[in-house]
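For reference, the structure is listed below as structure tokens.
Nothing in this text is a laboratory measurement; each read-out follows from the coordinates by a stated rule. Since the model is a prediction, treat every value here as computed from it, not as a measurement. All Cβ positions, even for glycine, are placed from backbone atoms using ideal geometry, and neighbour counts span all protein chains on display.
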There are 2 protein chains.
Amino acid sequence: MELTQIFGSIAAIMTTSAFVPQAIKIIKTKSTKDISLGMYIILTTGIFFWLIYGILLKQPPIIFANTIGFTLTFTILILKIKYRKTNGRD
Amino acid sequence: MELTQIFGSIAAIMTTSAFVPQAIKIIKTKSTKDISLGMYIILTTGIFFWLIYGILLKQPPIIFANTIGFTLTFTILILKIKYRKTNGRD
């Protein structure tokens, strides 16, 4: 495996799995008061664009990371909207 | 500008600027209770690896996005640790 691909793979695994503890935390606490709605709207959309970029560049680490990254950040976005009413505005 | 670079640039601007509303929210409310410490430790480290990957690939959108992304997520991580005492564990 090429050095570039090794770094890309480590980066992909870390920035993808990073959202797992946040999703678990929300599911456990049902609290999203401190989480920015704006952040997750912009982030989810931006990750979708990285996915297109990865497909055009034909770079597996970018495609892999952003497919899972999109799924996880979209989940957090939905949970933020779901618990918004009980947690107050934004 | 090549199509790949256009998608990469839009993605870079969005996933970079996404952390700005979260940082502003924390600075305003001084509350980080709902934010996962684990997420920001893993994310900041992972973004650092994306930066090395971008340098090796010589892809300006990856280098640009991850330099600013690292700065912002590292700021949120420091704020999370700073306000942790007053906001309870993790």
Volume of the Cα convex hull of the protein assembly as shown, divided per residue and given in Å³:
101
Please give the direction-averaged projected area of the C-alpha convex hull for segment A:36-85, in square nanometres with one decimal.
3.0
Shielding score for A:16-23, defined as the mean number of other chain Cβ atoms within 10 Å
6
Nearest to the axis that maps chain A onto chain B: list the chain A residue whose Cβ wins, with the distance in whole angstrom.
A:ASP34, 2
Expressed in nanometres to one decimal, the distance between label points 7 Å along Cα→Cβ at A:ILE6 and B:ILE55 is 1.6
Can you give me the angle between helix B:37-57 and the longest principal axis of chain B, using Cα atoms only, in degrees from 0 to 90, rounded to the nearest 10?
20
Diffusion coefficient, µm² s⁻¹, Stokes-Einstein with Kirkwood Rh over alpha-carbon pairs of chain A at 4 °C and 1.567 mPa s:
93
Please give the charge dipole size of chain A, origin at the Cα centre, charges +1 on K and R Cβ atoms and -1 on D and E Cβ atoms. Round to the nearest 20 debye.
600
Take every residue in peptide B:31-42, count the Cβ atoms of other chains within 10 Å of its Cβ, and give the average of those counts.
6
Cβ-vector label at 7 Å, B:ILE78, separations to other copies in nm
3.6
If one compares the long axis through the Cα atoms of helix B:3-17 with the longest principal axis of the Cα atoms of chain B, the angle in degrees, nearest 10, works out at 10
Tell me the distances, shortest first, between A:ILE55 and the same position across the other copies, using label points 7 Å along Cα→Cβ, in nm to one decimal.
3.2
Measuring label to label, 7 Å along Cα→Cβ, what does B:LEU3 give against each other copy in nm, shortest first?
3.3
Would you work out which of A:ALA65, A:ILE26, B:THR73 lies farthest towards the positive end of the dipole of the protein assembly as shown? Charges go on Cβ: Lys and Arg +1, Asp and Glu -1.
A:ILE26
Output the 0 to 90 degree angle, nearest 10, between the alpha-carbon long axis of helix B:60-82 and the longest principal axis computed from the alpha carbons of chain B.
0
